[in-house]
Amino acid sequence: MKTRAPRQKAPPLSCDCHFHIFGPFDRFPMSPGRSYTPPEALVPAYLELAETVGLRRMVVVQASIYGTDNAVTLDAIARFGLHRARGVAVIDDSFDDAALRRMHDQGIRGVRFNMVSGNGTPVEQLQALAKRIAPLGWHIQIYAEGAQIQQMGDMLTKLPVEVVIDHLGGVKAALGQAHPQFQALLRLMDSGRAWIKLCGYRTSSTGQPWADTGPNVRAIVAAAAERCVWGTDWPHSQMDPAPEAGALLDQLFALVPDAAVRHAILVDNPAQLYGF
């Protein structure tokens, strides 16, 4: 599905900090341990979307359908070019230090722990892997539900690396900001050790147009705008109906009316986090 153009394109050097590439499946077969089977979502289609929305930098996130085989993510980074692309990989303790250094040279800047879709790294390896990636300057990216963030919050602030939280921390909008899950998320942001991805439509309790997530986005931006980033989450796997990236950018502009704050979220913060 092609995205429509947003009302206003993203500012120059804006970064899509969260999307996936699926396929071609004959070249990059999916893992048999995956929990879902998406259609292909290829580099040319993503580049068309990025041009439409005005995105010039991009961070490819390894999806659970590939487990710890990062070939599709590394290939996409190479095709986009290191001048504008970085990646977040999925690894486990079988990766030696030389492999991690090679991945760094190929543009990897973080390691994702997916506690929602599975087929990734056991969470028991999180602290040990954080120590191993610290010398590279990488971060840990956490995809979890709000209850898991509440449970893990204190531990995450003690890691020797910074932490990036996916999808507004997985806290459902209907719970409200007084709920312990959202309060735990705010404490995590207040620690100064965490970043958060504002692509939060998956936390909606009402569905399309996912407007009920707005108060949580505003609260997080008010608390820690300097550590907020944004992503399209293209190709919106397992979402029906799926959002359009142009509409999601329109929503961000509406929720963050201050142009300087938007510029930080779309340009400056990603440049710092991913090393552009």
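Sorting ARG7, ARG79, ARG227 by the number of Cβ atoms found within 10 Å of their own Cβ, with the fewest placed first, yields ARG7, ARG79, ARG227. Each residue of the range 271-276 was assigned a 3J(HN,Hα) from its phi angle through the Karplus curve 6.51 cos²θ - 1.76 cosθ + 1.60 (θ = phi - 60°); the sequence is 4, 6, 5, 9, x, 7 Hz, with glycine and proline shown as x. Electrostatic bookkeeping for GLY81 treats Lys and Arg as +1 and Asp and Glu as -1; over the other residues with beta carbon under 13 Å from its beta carbon, the sum is +4. Our summary gives the chain a relative contact order of 20 percent, counting only alpha carbon pairs under 8 angstrom and 6 or more residues apart. Taking amide hydrogens as placed 1.01 Å from N in the peptide plane, the amide H of HIS18 sits under 5 Å from those of VAL59, THR232, ASP233, each at least 5 positions away in sequence or on another chain. Looking at the range 15-274 alone, DSSP beta bridges between its own residues are antiparallel in about 5 percent of cases. For the chain, the mean residue ellipticity at 222 nm estimated from helices alone is -10000 deg cm²/dmol, where every DSSP H run of n ≥ 4 contributes -39500 (n - 2.57) and the total is divided by all residues, rounded to the nearest 500. From least to most packed, judged by other beta carbons within 10 angstrom and beginning with the fewest, VAL267, VAL171, VAL43 follow the order VAL43, VAL267, VAL171. Among LEU42, LEU188, the order by Cβ neighbours within 10 angstrom, fewest to most, reads LEU42, LEU188.
On the basis of the beta-carbon distance and an R0 of 25 Å, ASP268 and ARG7 show a calculated FRET efficiency of 0.65. Net charge dipole, the range 15-274: roughly 480 debye, given to the nearest 20, about the Cα centre with Cβ charges of +1 for Lys and Arg and -1 for Asp and Glu.
Kindly flag which residue pairs out of LYS131/LYS172; LYS131/LYS197; LYS9/LYS172 have an alpha-carbon separation exceeding 27 Å in this structure.
Listed pairs above 27 Å: LYS131/LYS172; LYS9/LYS172.
Close amide H contacts of VAL164 (hydrogens built in the peptide plane, cut-off under 5 Å, sequence separation of 5 or more or a different chain): ILE140, GLN141, ILE142, TRP195. Comparing HIS83, HIS104, HIS167 in a Gaussian network model of the chain (Cα springs below 10 Å), the most mobile by mean-square fluctuation is HIS83. Phi-derived couplings, Karplus 6.51 cos²θ - 1.76 cosθ + 1.60 at θ = phi - 60°, listed residue by residue for the range 143-154: 10, 8, 7, x, 5, 5, 4, 4, 6, 8, x, 5 Hz, with x used for Gly and Pro.
What do you get for Rg/Rh over the chain if you use C-alpha atoms and the Kirkwood form of Rh?
Rg/Rh for the chain comes to 0.93.
Evaluating 6.51 cos²θ - 1.76 cosθ + 1.60 at θ = phi - 60° for every residue in the range 38-49, the Karplus couplings come out as x, x, 4, 9, 9, 3, x, 5, 5, 4, 5, 4 Hz, glycine and proline recorded as x.
Every number here is computed from the coordinates shown, using simple stated rules; none is lab data. Keep in mind that what you see is a predicted model, and the values were worked out from it rather than measured. Cβ coordinates were reconstructed from backbone atoms using ideal geometry, including for glycine residues, and neighbour counts include every protein chain displayed.
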